[in-house]
Amino acid sequence: MFTIDENKLNPLVSIAVEDQEEDNFIDISAIKEPFIFMSEKGKLISYVHLKSNRLAHKGKVTFQTLLSQSIPIEQVYHVNKIISLPVIFQVIGEPLTIINDETGSPSGYLKREELLAELFKQEEHGVNLFKTLLTSIPMGMFVVDREKKIINCNDAGLKMIKSTAEKVMNKPAESIFDRELIESVFATGKTILNQVQLTDEMGVLLDYCPISAQDQKIEGMLIVVQDIPTIEDMAMEIEDIKNLNTDLNAILSTIYDELLVVNSKGELIRYSENVISGFWDTDLKDMIGKSLLELEKKGMFSPSVTRLVMEKKKKVSVVQEARSGRKVLAVGNPVFNDKGEIDRIIIASRDITETSRLKDELKEMKKISEKYKKELDTFKNQDRTLKKLMYRSPKMEKIILQVKKIAEFSSTVLITGESGVGKEVIAQAIHQLGRRSDKPFLKLNCGAIPENLLESELFGYKKGAFTGADKEGKDGYFKMADQGVLFLDEIGEMPLHLQVKLLRVLQEQEVIPVGSTIAEKVDVQIIAATNKKLEQMVEQGTFREDLFYRLNVIPLHIPPLRERIEDISVLAFHFLQQLNEKYDKSFYLTPDAINVLEFYSWPGNVRELQNIIERLVVSADDQAIDAEFVSQFLSLGYDFKKARPIITRVVPLQEALEDVEEQLIVLAMKQYKTTTKAAKALGVSQSSVSRKYQKIVSSRKTENEASLY
Amino acid sequence: MFEELITSPYNGVVQQVLVQESIRIYEWEPLFLIRDEHGELLPVKVGVSGEIQSLEVQEGDKVIPGMVLAYVKEELVVSACD
Ligand SMILES: Nc1ncnc2c1ncn2[C@@H]1O[C@H](COP(=O)(O)OP(=O)(O)OP(=O)(O)O)[C@@H](O)[C@H]1O
Ligand SMILES: [Mg+2]
């Protein structure tokens, strides 16, 4: 606690506002006090500093001027005559302090220096006060004398510079603080603020303040130290960021070959360590600050991703091509400022010259290998057809004769016939035997290709509708079969809307690729095939009548195998021989086995025969494949009711009857195992079957025994 | 696995995006429809099968030849052909 001597107080000279007019003149030179006060209804409301720069040396001023210079009284501290320590810190911030009397009304004022002088004078408290002041401020203080030696300091300061009083006292200030700055303060008398001093031990902010005597001579200096522990962290962070930057650069350079930063005007402001060589005609160093847009105008490369990003105000990826032929994939990313305007554009680029070239090559190779594959296929086909076509029946002879004629004329052919009769073999024969045999034969299964693909498969795609190396589009079957034969298998499966288009091609001899408007001439012989009854489909409206007539120029009906029994044996021998060759075996069919084969109705036609022969070969233990063995593989029982046996050569009637009877009984017994069931199937009595079967078995036994000798 | 760029062959405006990110596409499937300066609607198709990795344009975007429309993770599996 401090007590203030009442006699030291300055009087409160005040002017009552209500007594004055604005333009009243007041002679302030007559007032001795440096501060006067304004009052209203007896209460102080503001004060005026008469010795301030604005008012000092002025004689008379208007009341208005005084008012304009007045400072509200609220800013001034009112204290009692007895004041406590913390209050001291408050009052020294203001040029004056008002002292209240016991009743709380102002009794006078003290200027700051007067108040401090009063306080220090109180001996027993004075030292304490100064010390308290020094130690309470969270700043380090070092007092330096005229010899530039440290003569005093506080604990806070020592802590901040991580030192002790012994190490510091009476030591030259420059051993701790910046020599140049100390010299400068002594030489100029000017304060130097906010100097960062960063060493391994400390991170501090320093103010160098001169202590000058009355005559402006520098007596010493005060070094004020502020602790900034965060500055160490910041320094560490900067180091981290530097490392991160290097890492990022390395990472980015593996993803991108080049990174550029461009400002809102399109000027280059930064570029990565790696740049794409051969893309830039100039050194990027010389491009700093220059507009990349200009380069596009000059034709160095095109298009400019910078320009595109600026136009679109969003990310743009584009393939750029340089004058040198280098191809670059450039991705431009805009960076926006607070106002939503483009601030920067980051451009990441990758050299794709090599990739593009490899891809083009790959596509070229694919094309070539596809071509070879096709050629190989046609060779295989040729080989197969001529060896394969087997027939002996007069019906097939007639058909082959027709085939030869058709081959000469390139007419449109419609082949009909049950499944597996050899429609495709005939179509190939037409191709092989004709003038188009060295041109392609292409087969398109209209039933096996999804409807949405069929059109493009047939007519192809428009040129130029594709990117990259596929700018050529894709040829359709018609185009690929040009000069050759196009075999439209399962024509009955063709959807109606494509039937119209097909009709057009047949009529005009030209195709319009999908997406195009330009027709292309083609010269293709059409062979269509179906196992459906097209006439019926026309009636039902599922096949266009006009197309049917267009296709049906030369109708070729291949009769089912059961209607050309003469072909069965040649085909059977042919297929068996193929398998023997393939597996290096020597199976053969006994005459009665052939009889059984000829007896069967072959609902699956030649294909079924081919399959059965293969199954026989695979399952046979004996080289000789006989009737008994064969009949196991044929579902004869079912067929007996359906098909009638056909006798193909003249034999004595009795002999034929006996032969048929024997075969029937053997088959029935094989299938039904008991004579009762066999009799039922044959429609005769059980006793009759039993008797006749006994006879057959015994006669076969004697035959076999006879053959043993 | 290759990353394939699908770029615009035309000058025009993206009329329709027919695919989405991370769906499978097949060779010669139309992926984008672009309306060119003459008002003609042109499909963008490529001989690439794979998965759409990212779409780089939206409907209504102006495009120029070479601008990347999408990235595709290409599968180099030989497609079945007879
Ligand atoms: N005269 C023949 N000479 C030799 N092999 C033939 C003969 N006729 C048909 N084939 C063979 O029979 C099988 C079926 O013939 P093809 O594929 O030509 O029948 P298809 O009438 O086209 O049958 P689908 O209607 O089921 O398509 C083929 O393996 C074929 O080689
Ligand atoms: Mg067929």
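Laboratory data are not the source of any read-out in this text; all were calculated from the coordinates shown. Everything numeric in this text was worked out from a predicted model, so none of it was measured. Cβ coordinates were reconstructed from backbone atoms using ideal geometry, including for glycine residues, and neighbour counts include every protein chain displayed.
Observations on the model:
- Dipole moment magnitude, nearest 20 debye, the protein assembly as shown about Cα centre, only Lys, Arg, Asp, Glu C-beta charged: 3940
- Partners of A:Lys677 within straight-line reach, counting aspartates and glutamates whose Cα lies under 19 Å from its Cα and excluding those fewer than 8 residues away in the same chain: A:Asp639, A:Glu661, A:Glu662.
- Counting other Cβ atoms within 10 Å as a rough exposure proxy, the listed residues A:Asp227, B:Asp36 run B:Asp36, A:Asp227 from fewest neighbours to most.
- Extending 7 Å from the Cα toward the beta-carbon at both A:Ser619 and A:Glu510 defines two label points whose distance is 5.9 nm.
- Efficiency of FRET from Cβ geometry, A:Met365 and A:Arg392, R₀ 60 Å, rounded to 0.05: 0.80
- If the convex hull is drawn through the Cα atoms of the range B:2-74, its volume per residue in Å³: 67
- Under 5 Å, built H, 5+ apart or other chain: amide partners of B:Leu69: B:Ile6, B:Thr7, B:Ser8
- Modelled spin labels at A:Asn580 and A:Lys58, positioned 7 Å past Cα toward Cβ, are 14.0 nm from each other.
- Structural size metrics of the range A:255-351, computed from C-alpha coordinates, are Rg and Dmax of 12.3, 40 Å.
- Debye-sum result for the range A:210-278 in log10 I(q)/I(0), which assumes one identical scatterer on each alpha carbon, at q = 0.16, 0.25 Å⁻¹: -0.77, -1.05
- In order along the range A:432-439, the Karplus-derived 3J(HN,Hα) couplings, from 6.51 cos²θ - 1.76 cosθ + 1.60 at θ = phi - 60°, round to 5, 8, x, 6, 8, 4, 8, 9 Hz, and Gly and Pro are given as x.
- Greater than 27 Å apart at Cα, pairs in A:Lys532/A:Lys670; A:Lys363/B:Lys45; A:Lys297/A:Lys366; A:Lys366/A:Lys423: A:Lys532/A:Lys670; A:Lys297/A:Lys366; A:Lys366/A:Lys423
- Förster radius 22 Å - calculated FRET efficiency between A:Ile251 and B:Glu3 (Cβ-Cβ, nearest 0.05): 0.80
- Convex hull volume of chain A per residue (C-alpha atoms, cubic angstrom): 485
- Linear extension gain, A:Gln536 paired with A:Gln402, 0.36 nm per residue minus alpha-carbon span: 45.7 nm
- Footprinting exposure proxy ranking of A:Thr306, A:Thr530, fewest other C-beta atoms within 10 angstrom first, gives A:Thr530, A:Thr306.
- With R₀ set to 45 Å, the beta-carbon distance separating A:Glu219 from A:Phe25 gives a calculated FRET efficiency near 0.50.
- Listed values for the range A:604-620 are Karplus-derived 3J(HN,Hα) couplings in whole Hz (6.51 cos²θ - 1.76 cosθ + 1.60, θ = phi - 60°), namely x, 6, 4, 4, 5, 4, 4, 5, 4, 4, 5, 5, 4, 4, 5, 8, 6, and x replaces Gly and Pro.
- For the range A:1-68, GluC sites (Glu not before Pro) meeting the loop criterion (DSSP other than H, G, I, E, B) and having at most 11 other Cβ atoms within 10 Å: A:Glu21, A:Glu22.
- A straight Cα-to-Cα reach below 27 Å connects A:Lys673 with the lysines A:Lys641, A:Lys642, A:Lys692, A:Lys695, A:Lys701, residues fewer than 8 places away in its own chain not being considered.
- Extension gain for the segment A:Glu658 to A:Asn194, taken as residue separation times 0.36 nm less the Cα-Cα distance, is 153.8 nm to one decimal.
- Pairs of Lys residues in the range A:137-234 that lie 8 or more places apart, or on two chains, and have C-alpha atoms under 25 angstrom apart add up to 18.
- The stretch between A:Ala16 and A:Asp240 holds 73.9 nm of extra length on full extension. This uses 0.36 nm per residue minus the Cα-Cα distance.
- Eligible aspartates and glutamates near A:Lys121 by straight Cα distance, threshold 17 Å, same-chain separation 8 or greater: A:Asp5, A:Glu6, A:Glu113
- Built amide H within the under 5 Å cut-off of A:Val13, gap 5+: A:Phe37
- Label point 7 Å beyond Cα of A:Asp626 along Cβ direction - residues of the range A:576-597 with amide nitrogen under 12 Å: A:590-593
- Among A:Asp240, A:Asp482, the ranking by other beta carbons within 10 Å of each residue's beta carbon, starting with the fewest, stands as A:Asp240, A:Asp482.
- Inter-site label distance for A:Tyr549 and B:Lys73 at 7 Å from Cα along Cβ, in nm: 5.7
- Pairs exceeding 26 Å between alpha-carbon atoms, taken from A:Lys242/A:Lys313; A:Lys290/A:Lys312; A:Lys290/B:Lys73: A:Lys242/A:Lys313; A:Lys290/B:Lys73.
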